[in-house]
1. Test of understanding: what is the full-extension gain from THR349 to ASP156, defined as 0.36 nm times their sequence separation minus their Cα-Cα distance?
2. Please name whichever of ALA115, THR279, GLY395 sits farthest to the positive end of the charge dipole of the chain, dipole taken about the Cα centre and charges placed at Cβ: Lys and Arg +1, Asp and Glu -1.
3. Can you work out the base-10 log of I(q)/I(0) for region 294-356 at q = 0.27 1/Å, using the Debye formula on its C-alpha atoms alone?
4. Using just the helices of the chain, give the 222 nm mean residue ellipticity in deg cm²/dmol: DSSP H runs with n ≥ 4 each add -39,500 (n - 2.57), and the total is spread over all residues, rounded to 500.
5. Let me have the relative contact order for region 107-254, percent, based on Cα pairs under 8 Å that are six or more residues apart.
6. Once you compute Rg and the Kirkwood Rh from C-alpha atoms, what is the Rg to Rh ratio for the chain?
7. When DSSP assigns beta bridges and you keep just the ones with both residues in the chain, what percent turn out antiparallel, to the nearest 5?
8. On a C-alpha basis, how far is the centre of region 182-198 from the centre of region 395-462 in Å? Whole number, if you could?
Amino acid sequence: MPPSRTAPASSRWAWFARRLAVVAAVIALALVGWAWWGSVLPGTYSVMDMGSPDFGGGPGAAEHAASGHGAHAAAAAGEGAAVIGAAATVATNVVDLAVDPDRPADVRVELTARAERVTPAGGRPFDGFTLNGQSPGPTIRATQGQLVEVVLRNEDVPAGVTLHWHGVDVPNAMDGVAGVTQDAVPPGESFTYRFIAEQAGTFWYHSHQASHPQVVGGLYGALILQPADAASAADAIVAVHTYPGGQRTINGATGEARQAAEPGAAVRVRLINTDSTPTSAWVTGSSFRMLAADGTDLNGPTSVDGRAVPLTAGGRADLEVTVPSAGAVRIQVPGASLVIGPDRAEASTSPAPREQVDLLSYGEPADAGFDAAQADRRFRYDIGRLPGFLDGAPGYWWTINGGIVPAVPMYMVQEGDVVVMSISNNSGEVHPMHLHGHHLLVLSRDGVPSSGSPWWVDSLNVEHGETYEVAFVADNPGIWMDHCHNLPHAAEGLMTHLAYGGVTTPFRLGRDSGNDPE
């Protein structure tokens, strides 16, 4: 009971202070409970129920207000589907965003995914995954203009599997993202991917279902698309991968790998970083030119000595090296290397150079094909970190524009839009950012304009404290993931989407859906 009026003032104030503390604690608990409840996602939900639409200052907001969002839009589009900003357009289902089903395949591959014991060459065994009994999976090669058909069969991977064609701007139905563009392929079933090799360059493929454990465990491989008019030339694939237990490999082998080449031969070295963290590569025994980044040729590449090549997670770089008249060339990454030259030729080693090739200024300028100054939409993608709840779980989560999933932006575009996006990172860690279905033109870094070759990326390394301004043309309709390719980061909330107005998806995410893209 409260103290009497005759009690000392100190006693009365102590009583009020205790009561205020109790009230404050109740309010705090209520707020925490409200935050927890608001974070819990349904057992199944459409990707289009996530977040809030951001139209980047372009058209579509009025149409969206008329058509609704989330559950209302799902009801309007039909059971199990969602549509956003579709009032002025005819709805398009992602499954219809595909190539001509009657066109015969030029390149056909069958891949069977298995859960089994894997032993890297020279390494230690672990419980992982294979494609056709091997990891990495078979290298797929095609020529620009050919139709590629890949049949994925899941023999016994319990969580299901998909294949994503990293860096290839495939039709949306073929993107391989479980719960967005398809359902995960369960054990005993299959899915057929079909796309035209419209690009040429170095790419790779990997599972996008439970992607962190499956990619680390072995479900990945190289994809090489050759120019249609290119003469046959020697190339060397350097797929960098770290298996469980910290086993760093090149093309699935620990330590030193070798590839035969004659003295004087010019070799295209195709570097692929399949890990979730950035790395770098350097060359001993030859100067080099950097021919391409993320599958796109650079304009006016010049000779480089004594510099490393940065490789963000998911990123690729093509180098041209020349085998010396005596000895061999060594391509090094931390913990592994590839020697290119005659059999038994010696190749020296060297420590990693302190300086790196900076693609902001490397090469010569050229026309990018569009005017970013005339952007139809401008977005910001600000990466941070906050304590809170993610689907009911407490933690210290990644944020996008200050929100924790599902309170993140859904970037909305229309086909043909010129889009400029500012990507800022103030989270304390580096993030390799990957937008599916599109390549981004780097305009500037920390306010310094790009002055070299047009620098196109699909995997962009954004260090803490950095801000990049990038641009692209919205020319590939669909619903596309835009996420950190440090795959645990994506699972911890650093993931959202770019969506075209009027596109629907029948697929579902959530703990009860069987689909878990990260």
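1. Details: separation 193, 0.36 × 193 = 69.48 nm, distance 4.22 nm.
Going from the current span to full extension adds 65.3 nm.
2. Going by the Cα projections, it comes out as GLY395.
3. Taking Cα atoms of region 294-356 as identical point scatterers yields -1.38.
4. Numbers: 5 runs with 56 residues, N = 518.
Using -39500 (n - 2.57) per qualifying helix, the result is -3500 deg cm²/dmol.
5. On the way: 359 pairs, mean separation 40.7, N = 148.
Computed over region 107-254, the figure is 27 percent.
6. Details: Rg = 25.5 Å, Rh = 24.6 Å.
Rg/Rh for the chain comes to 1.04.
7. Values: 96 of 138 bridges.
So the antiparallel bridges in the chain amount to around 70 percent.
8. Centre-to-centre (Cα) distance: 28 Å.
Taken together, the values in this text are just the output of simple stated rules run on the coordinates, not laboratory data. Since this is a predicted model, take the numbers as computed values, not measurements. Every residue, glycine as well, gets a Cβ built from its backbone with ideal geometry; the counts of neighbours run over all protein chains shown.
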